[in-house]
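The values are calculated or read from the model by the stated rules, or taken from the named source; none is laboratory data. Note that the structure is predicted; figures quoted are calculated from it, not measured. As a convention, Cβ positions derive from the backbone with ideal geometry for all residues, glycine included, and neighbour counts pool all protein chains shown. Side chains are part of the model used for accessible areas, which takes the heavy atoms of the whole protein and leaves out ligands, DNA and RNA. Shrake-Rupley method; radii C 1.70, N 1.55, O 1.52, S 1.80 Å.
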Amino acid sequence: MPTMWLSDSQKIGVAFCSGGGFFLIGGVLLFFDRAMLAMGNILFLIGLTIIIGPQKTFTFFARKQKAKGTAAFFSGLALILMRWPLIGFCVELYGIMILFGDFLGTIAGFARNIPVIGPYIGTAVDRTGVVARQNADLPV
């Protein structure tokens, strides 16, 4: 089976990010369990650092354009750790949308190419209008 263009350490970072995502989903499903939400955030940050490196991670969060998103993300994480999981998760979700909103189009394009469920995901994304297709009105 051909491997992706990721190095071995980056593959470990993807595993950490995926684990963080699963913990976040589990924390929401378990009525905003504080421990699972905190573990999901920590795993996600560790995975992101392993994937792109510590210097690029710092520069990503320290950019002037992303200051509001960074402040919201880390404030939400602090609220979760201070036993306010629902409010903290909402604040953190706002920060994630500001920080990673530019990648939603890329994520949606990737999800459309998943073999069995990709067309269904693509239809759902198109119906919600979350990601506007570029040049959708052009005939070519």
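Taking Cα pairs under 8 Å and at least six residues apart, what relative contact order does the chain come out at, in percent? Relative contact order for the chain comes out at 16 percent.
So between residue 120 and residue 12, what do we pick up on full extension, going 0.36 nm a residue minus the alpha carbon distance?
On the way: separation 108, 0.36 × 108 = 38.88 nm, distance 2.89 nm.
36.0 nm is the gain from fully extending residue 120 to residue 12.
Pairwise Cα distances in the range 45-90 exceed 13 Å for 61 percent of all pairs. Once the Cα-Cα distance is subtracted from the 0.36 nm per residue extended length, the residue 56 to residue 93 segment shows a gain of 11.1 nm. Solvent exposure of the chain amounts to 70 Å² per residue of accessible area, where only protein heavy atoms count and the probe is 1.4 Å.
Rounded to the nearest 500 deg cm²/dmol, what is the calculated helix-only ellipticity per residue at 222 nm for the chain, with -39500 (n - 2.57) per DSSP H run of length n ≥ 4? Write out the running numbers ahead of the final one.
Values: 7 runs with 101 residues, N = 140.
Result for the chain, helices only: -23500 deg cm²/dmol.
Between residue 30 and residue 127, the C-beta separation translates, for a Förster distance of 35 Å, into a calculated FRET efficiency of about 0.75.
Rounded to the nearest 20, the Cβ-based charge dipole of the chain about its Cα centre (Lys and Arg +1, Asp and Glu -1) stands at 280 debye.
What's the long-distance tail for the chain, i.e. % of Cα pairs beyond 26 Å? Each step should come with its number before you reach the end.
Working: 3272 of 9730 pairs.
Cα-Cα pairs in the chain separated by more than 26 Å: 34 percent.
Shown for the chain are the DSSP H helices of 18 Å or more along their axis, judged by Cα atoms, with a mean Kyte-Doolittle hydropathy of at least -1.0: 8-29, 34-52, 67-81, 85-100.
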